[in-house]
Amino acid sequence: MITGKTISTINHNNDKSFPNNQDSVDQFMIGAKVTQVKRRAKVLLIELSTNYTIMVHLKMTGQLVFVAEATNQTRNTKLEIRNKLERQKSLNEESFEFRVSNLEIPKSEELRFGAGHPNDSLVGSLPDRSTRVTLHFTDETKLYFNDQRRFGWVKLLPTGLVQDEPFMKKVGPEPLEPEFTSDVFTTRIKRRKGTSVKAAILDQTVLAGVGNIYADESLWAAKIHPASIVGSLKNAQLVQLQREIVDVMNLSIEKGGSTNKNYVDAEGKRGSYMEFANVFRREGQPCNRCGSIIEKSRVAGRGTHTCPSCQVAPAI
DNA sequence: CACTTGACCTGTCCGC
DNA sequence: TGCGGACAGGTCAAGT
């Protein structure tokens, strides 16, 4: 979508969100053309014709919104109001599905595409108070980086140095690549044999991309309790967990892509995630497999959802 | 080294 | 109604 576009100007208002030296920005970002957009683990890589790369991490509340053509102020105000009514139902989503949605805004001249954590900024007028960085392109289109909590960042560095970033060096394999076999997974997770299986799969050095939602979902699917110590699990359980991780991630991408275009509709605002989540944020509701009531607890310092029947807690 | 906990932020929700 | 505190969660630094 932004490939081929040339950056004209940049606005940023927060050094944490945009930790870049002004000279580098002037020299290697302004006037640069986007040559390619890639992703590695939870990092988005926007490669530029200057041999520099813009790294973007959304962390928990970041989002990217691409806007073409003029903003229709009146229409956006209406959408904001409607959106607020639905806010109670809205859910955060795993940040790096990077689901790209074509927002249907009838009678509007505006074209928007959003990716990341859904919130009002996707439909409200931009920039808003969560906007940290705005990239303006020479064709008058814009890319907004919004991030309520300022955990995410937009970092410029020479393309050749991306692979030397500490995180890029240590991050594990991509779960949806063919190289991610059960052998690779079991070998890598056993490096964390003394810790809980949930902590192990959340560890980005074991594999890339599993966050709190996918961790709970895949462990439920594999019928493994999140607090189970890795070393206590049978090989067959780890093999099945590997399969479930892949399935959950594939399913989330599929679901996100299929329903998210109705995003701004009242129904769509719920987020497609709820349609496939079996345990996440379903505490108090019946397990889809056995009917037992889903419980919420804390494992690995995270809110954790389990079925007390399907996922037997380990003896302490 | 393996592992756990707290910090980073800001908005929301819950209980008093 | 206001207010303090818990919570949300990806990653890293500091601690055990």
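Taken together, the values in this text are just the output of simple stated rules run on the coordinates, not laboratory data. Bear in mind the structure is a predicted one, so any value in this text is a computation, not a measurement. Quick reminder, even Gly has a Cβ in these numbers, built from the backbone with ideal geometry, and neighbours come from all protein chains shown.
For this structure, a couple of remarks:
- Restriction of the trypsin sites (Lys or Arg not before Pro) in the stretch A:221-256 to DSSP coil positions whose beta-carbon has at most 15 other beta-carbons within 10 angstrom yields A:K234.
- Separation of the alpha carbons by more than 28 angstrom is noted, of A:K255/A:K296; A:K38/A:K255; A:K59/A:K198; A:K169/A:K223; A:K16/A:K170, for A:K169/A:K223.
- Long-range HN-HN contacts of A:V299 with modeled amide H, under 5 Å: A:T304
- Peptide packing for A:37-44, A:1-8, A:53-60 was compared via the average number of neighbouring C-beta atoms within 10 Å per residue; ordered from the highest value, the list is A:53-60, A:37-44, A:1-8.
- Under the Karplus curve 6.51 cos²θ - 1.76 cosθ + 1.60, θ = phi - 60°, whole-Hz ³J(HN,Hα) for the stretch A:129-138, x wherever Gly or Pro sits: 6, 9, 6, 9, 9, 10, 9, 9, 9, 5
- Per-residue 3J(HN,Hα) values for the stretch A:236-250, derived from phi via the Karplus relation 6.51 cos²θ - 1.76 cosθ + 1.60 with θ = phi - 60°, read 4, 5, 5, 4, 5, 4, 4, 5, 5, 4, 4, 5, 4, 5, 5 Hz in sequence order (x marks Gly and Pro).
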